[in-house]
1. Shortest first and in nm to one decimal, what separations exist between B:His248 and its copies in the other chains, measuring from label points 7 Å along the Cα-to-beta-carbon line?
2. Averaged over its residues, how many other protein chain Cβ atoms are within 10 Å of peptide B:129-135's Cβ atoms?
3. Under the convention of a label 7 Å out along Cα→Cβ, give the distances in nm from B:Gly194 to the same position in every other copy, shortest first.
4. Per residue of B:161-171, what is the mean number of Cβ atoms on other protein chains within 10 angstrom of that residue's Cβ?
5. Going by Cα centres, region B:174-208 and region A:73-112 are how many Å apart?
6. Using a 1.4 Å probe and counting only protein heavy atoms, how much accessible surface gets buried when B and A come together, both sides summed, in Å² to the nearest 100?
7. Quick one: net charge around B:Gly285, please, counting Lys, Arg +1 and Asp, Glu -1 for every other residue with C-beta under 15 Å from its C-beta.
8. As a test of reading the structure, rank B:Lys40, A:Lys122 by solvent-accessible area (1.4 Å probe, protein chains only), most first.
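The values are calculated or read from the model by the stated rules, or taken from the named source; none is laboratory data. This structure is a prediction, so every number in the text was calculated from the model and none was measured. With ideal geometry, Cβ positions are generated from the backbone for all residues, glycine too; neighbour counts draw on all protein chains shown. Ligands, DNA and RNA are excluded from the accessible area calculation, which covers all protein heavy atoms including side chains. Shrake-Rupley method; radii C 1.70, N 1.55, O 1.52, S 1.80 Å.
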2 protein chains.
Amino acid sequence: MSRKKSGDLVRLGLIQMRVGADPRRNLAKAVERIRQGARKGAQIVCLQELFVSRYFPQSEDPKFFRLAEPIPGPTTDSLCRLARAEKIVLVASVFERRSPGIYHNTAVVIDADGSILGRYRKMHVPDDPCYYEKFYFTPGDLGFPTFKTRYGKIGVLVCWDQWFPEAARLISLSGAQIIFYPTAIGWLSGEPRGAARAQRCAWELIQRGHAVANGVYVAAANRVGREGKLNFWGSSFVVDPFGAIVAHANEDQEEILLARCDFKKIDETRQNWPFLRDRRIDAYGALTERFLD
Amino acid sequence: MSRKKSGDLVRLGLIQMRVGADPRRNLAKAVERIRQGARKGAQIVCLQELFVSRYFPQSEDPKFFRLAEPIPGPTTDSLCRLARAEKIVLVASVFERRSPGIYHNTAVVIDADGSILGRYRKMHVPDDPCYYEKFYFTPGDLGFPTFKTRYGKIGVLVCWDQWFPEAARLISLSGAQIIFYPTAIGWLSGEPRGAARAQRCAWELIQRGHAVANGVYVAAANRVGREGKLNFWGSSFVVDPFGAIVAHANEDQEEILLARCDFKKIDETRQNWPFLRDRRIDAYGALTERFLD
């Protein structure tokens, strides 16, 4: 399968997987899935949030800090070798140890030559029942960067960032053609089915809305399977710059979701729906306020 | 039917209508529909964009400026009397003559005592084939206000504003419980059916996304019927603070869409999904830039 850039087309692979107790086995599984995706033609492959371990923020326990690693570190070393061998771009979510007392929920972008292009540190950090991330992760301090990869200019936002239109806007204004969302979201056990469906529906809605507002591709890779009290809902997806679903994974099985993006669609969409032309940048200053009432 | 405020519940009415050539008859029809809505219990009634006339921005012709009127003016005088008589809040879209050479696409909020609470002047003004609004409407200069009505605190945004998450966010930060969108959007004749459906889908998606992002009710009142080259797609709707559809009108008939909002749901939703808590207001400054690439 050729990895060459073919004009404005790029093939994505999203790895939706279950995660077990052993980080080494999880990494090995991810590597194998990435290889499979590459064999099927994927040029940019995105892993789910914190794919190397179970979703430890279900509880607050300092012992989990030992799961963190530096960047570069063992996980990114493996992935850089893989990216170079397969000539693919990788988006990988890593529990980053930056210094004693400073840890981040970080996404690393690795280019198709195996080099680390840069990192994004999760800016919006949740704290909800079974998502006690504020205990572990220092809020990101790198803003909303984009990365010029061999196969396109991309941005990465992580899970809870999904709910913030500001983040998707800023990434888009920086020229991203695709926004990736490595994700770990699921239902709490015992939630009524109606409420559960409403959650997944809102999660999908708002991300499709980001695609529409900004005229960009959006690709969300979510984990799947039961871990402790959480039942991760999978449903990884890719949508085009007008919010239409290009590819959608199932909700309870592992899957390598493949999708083709055509960057010409970005320009076409924005010519027909020129929202970026009409933003009232003279009137948005108060967006940096907490509340205005 | 009692018009009394009953705790946190408020009943909405959206008037989705066809519009003819005679402004006086259109106004009379709107008045009659509002009365019907009030009889059915509506406490806040929203009219579609520029309901008094056909959608004249399909072409650029100075003769249409004579459709404009001051605020207060004949249309708002009629509606103020009606609001007082029926004890309802009205949201009405008016082609505002402000001074020679300055005209606005304005929404007026009339309280249940018949007084004008204030106005919103459309901030994002489109210019697309058959939507030549930049010729007629000076961009709004009143920012994104909210209005404390007898039945709740509301914001109004108009049509093209729908596509801008910044507008919905700013209105929400100012404490709106409901965002109303008086609208005039439709298909161009001859558009392929697939593209047409994709447009209405994106239009609905992004507004439901605003509800989710902000934890507010969103209510869109759209016109219906064929006018010149445009086939307005109706489909007025109300969604709750998590984006779920409360009420939805048909796409080709006139309708008075009734819906009940429970403001307790706003607090409940935001307690479970505390996005406003986690906004990175330290990192949003660049939202006032045109582009960052």
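1. So the label point of B:His248 gives 1.3 nm to the other copies.
2. Per-residue shielding by partner chains comes out at 0.
3. Distances between equivalent label points, in nm: 3.7.
4. 6
5. Going from one Cα centre to the other spans 40 Å.
6. Roughly 5200 Å².
7. Value of the local net charge: 0.
8. Accessible-area ranking of B:Lys40, A:Lys122, largest first: B:Lys40, A:Lys122.
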